[in-house]
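The values are calculated or read from the model by the stated rules, or taken from the named source; none is laboratory data. Everything quoted here is computed from the prediction, not taken from an experiment. In this analysis, Cβ positions are derived from the backbone assuming ideal geometry, glycine residues included, and neighbour counts consider all displayed protein chains. To get the accessible areas, we keep the full protein, side chains included, count just its heavy atoms, and leave off ligands, DNA and RNA. Shrake-Rupley method; radii C 1.70, N 1.55, O 1.52, S 1.80 Å.
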Amino acid sequence: MADKRTAKLTLDDGREIVLPVFEGTEQECAVDVSSLRKETGYITYDNGFVNTGSCQSTITFVDGEKGILRYRGYPIEELAENCRFVEVAYLLVYGALPTREELDNFSAQLTERANIHEDMKHFFTGFPVAAHPMAILSSMVTSLSSYYPTSGDEEWNFDDTVARLIAKVRTIAAYSYRKATGEPFVYPRGDLSYCENFLNMMFSGEGKNYEISDKALRALDKVLILHADHEQNCSTSAVRLVGSSRAPLYASIGAGISALWGPLHGGASQAAVEMLMAINEDGGDCGKYIAMAKDKDDPFRLMGFGHRVYKNYDPRARILKQSCDEILDELNIDDPLLSIAKSLEKVALEDEYFVSRNLYPNVDFYAGIIYRALGIPVNMFTVMFTLGRLPGWIAQWYESTQDPDWRIWRPRQVYQGETSRAFIPIDRR
Ligand code: ACO
């Protein structure tokens, strides 16, 4: 991949090293430092991996300065407007938009694999009623390895595993909600599409007159599409890191789910809505929360705001903000949190603190308002993110396994602890 360009690094002892430079298809340049330690004894240090490219990838392109996001070359705006989620899942995993026949086959595979093994249903009995659904999801997804062939097994098949994961994670997600509400599980139905089945498993049941509206379906498709991949974020890096040890796909995805849970990552959708609810209960005083977010002595941050890569408006947040208006309107819902979110955004975007740091709403700022409109409870928001992000994780995991230079990921450190010291026997300490 290296082109003719090079970068020269001069060390403090006067030694010079010439490092190869290469360029991606969107003109992003990288200095290849892989020979640095071998040749000089030095390593690179990059707290939080702000400047570190961990891999080369053909899946998703993000230009954080311009606010651009594309999956496999297709702008997110066009995919969100024109596709169903399953179509985008296929695109991410297999690299091309499916033909009608390919989409039908893929959808049929999902339907066929939608049920979880009956024995897995007993797991739910063991979890406390108040268990966070992300805890249930991460452990149950990892445990799929004990029921189905995994990537080390002879009978393992990638296509089967893709369909199994995408279909079953949705079923586990819906069951974790039913567990919390104490309602019987609703089995997936063969006549329903992916999103229809999810809503049906969540909300239908004996004595309930639940009808799936086209508007709710369209909203669900859109929000899942917008979450479907985002290159080398925290959870995707976790999936690749765990996968780099040749751990099975299910286990790697389990790690991704755990990474996504945190409030600085996918957990922000729950945290953002909880923040908006607190502001609402507090009388809608956005200024107070803006002041708290700016106060360096206060750990509070504006949740759903800021992004490591976007230094411009997150294109997903732009679409979601507009969708909130449309969806709430279509579903005839008047949610006070939407006007609070808009006011908070306005105040923040006029404030020097947020402007100078390029802090804009991210994907999690408006997503929760759509989930609320769909009747999804707050502690399920990050589960919804998981459903969306799953095809991206699978695509990223698979891509890493196909890399001819695939190696275990093992970063270095700069040790700052005690130097060698004499051992002290216990009675002399
Ligand atoms: N509220 C207030 N100040 C903020 C916020 C925020 N939400 N985000 C960043 N800042 C400030 C920081 O305090 C820092 O200020 P300083 O330069 O005076 O020290 C500056 O902006 C840069 O922030 P960093 O923390 O260095 O940015 P980083 O790239 O490490 O973190 C992150 C990005 C984690 C997303 C951060 O913006 C944040 O905590 N946001 C809130 C949580 C959130 O919404 N997470 C979801 C992100 S999207 C996703 O993962 C799907």
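Looking only at the range 294-308, residues that are without any contact (Cβ under 8 Å) to a residue 24 or more places away in the chain and either of a type outside the set (Phe, Trp, Tyr) or open to solvent by 50 Å² or more (accessible area, probe 1.4 Å) (or both) come to 6 in all.
The residues on offer are THR142, THR161, and the sole one that is open to solvent by less than 10 Å² (accessible area, probe 1.4 Å) and of a type in the set (Val, Ile, Thr) is THR161.
Does the range 162-208 hold any residues that are β-branched (Val, Ile, Thr) and more than 23 Å from the chain's Cα centre (by Cα), and which are they? Hits for the range 162-208 are THR181, VAL186. Per the listing ILE290, ILE257, ILE253, the residue uniquely away from the ligand (no atom under 14 Å from the Cβ) and either touching a residue at least 24 places away in the same chain (Cβ under 8 Å) or assigned by TED's automatic domain parsing to the domain that holds SER339 (or both) is ILE253. Can you report the number of residues in the range 183-218 which are open to solvent by less than 60 Å² (accessible area, probe 1.4 Å) and out of contact with any helix residue (DSSP H, G or I) (no Cβ under 8 Å at 6 or more places or on another chain)? Of the residues in the range 183-218, 6 are open to solvent by less than 60 Å² (accessible area, probe 1.4 Å) and out of contact with any helix residue (DSSP H, G or I) (no Cβ under 8 Å at 6 or more places or on another chain). Set side by side, the residues SER176, SER204, SER145 differ, and just one is closer than 23 Å to HIS265 by Cβ and either touching a Gly at 6+ places or on another chain (Cβ under 7 Å) or hydroxyl-bearing (Ser, Thr, Tyr) (or both), which is SER176. Of everything in the range 309-335 that is in a loop (DSSP other than H, G, I, E, B) and within 16 Å of the ligand (Cβ to nearest atom), the residue that is most open to solvent (accessible area, probe 1.4 Å) is LYS311. For ASP153, the stated conditions do not hold, so it cannot be described as open to solvent by 20 Å² or more (accessible area, probe 1.4 Å) and over 18 Å from GLY254 (Cβ atoms). Looking at the range 219-242, is at least one residue open to solvent by 40 Å² or more (accessible area, probe 1.4 Å) and within 30 Å of ASP329 (Cα to Cα)? No; the residues of the range 219-242 include none that is open to solvent by 40 Å² or more (accessible area, probe 1.4 Å) and within 30 Å of ASP329 (Cα to Cα).
As for the range 350-365, it holds no residue that is part of a helix (DSSP H, G or I), open to solvent by 60 Å² or more (accessible area, probe 1.4 Å) and more than 14 Å from the ligand (Cβ to nearest atom). The number of residues in the range 397-425 that are over 27 Å from LEU36 (Cβ atoms) and either in contact (Cβ under 8 Å) with a residue 40 or more places away in the chain or surrounded by 10 or more Cβ atoms within 10 Å (Cβ to Cβ) (or both) comes to 2. Within the range 299-306, one or more residues are on the phi > 0 side of the Ramachandran plot and within 16 Å of the ligand (Cβ to nearest atom). Of the residues making up the range 225-238, those that are within 14 Å of the ligand (Cβ to nearest atom), within 21 Å of ALA163 (Cα to Cα) and of a type in the set (A, V, I, L, M, F, W, C) number 2. Checking each residue in the range 260-285 for being away from the ligand (no atom under 13 Å from the Cβ) and touching a residue at least 12 places away in the same chain (Cβ under 8 Å) picks out MET277, ILE279, ASN280, GLY284.
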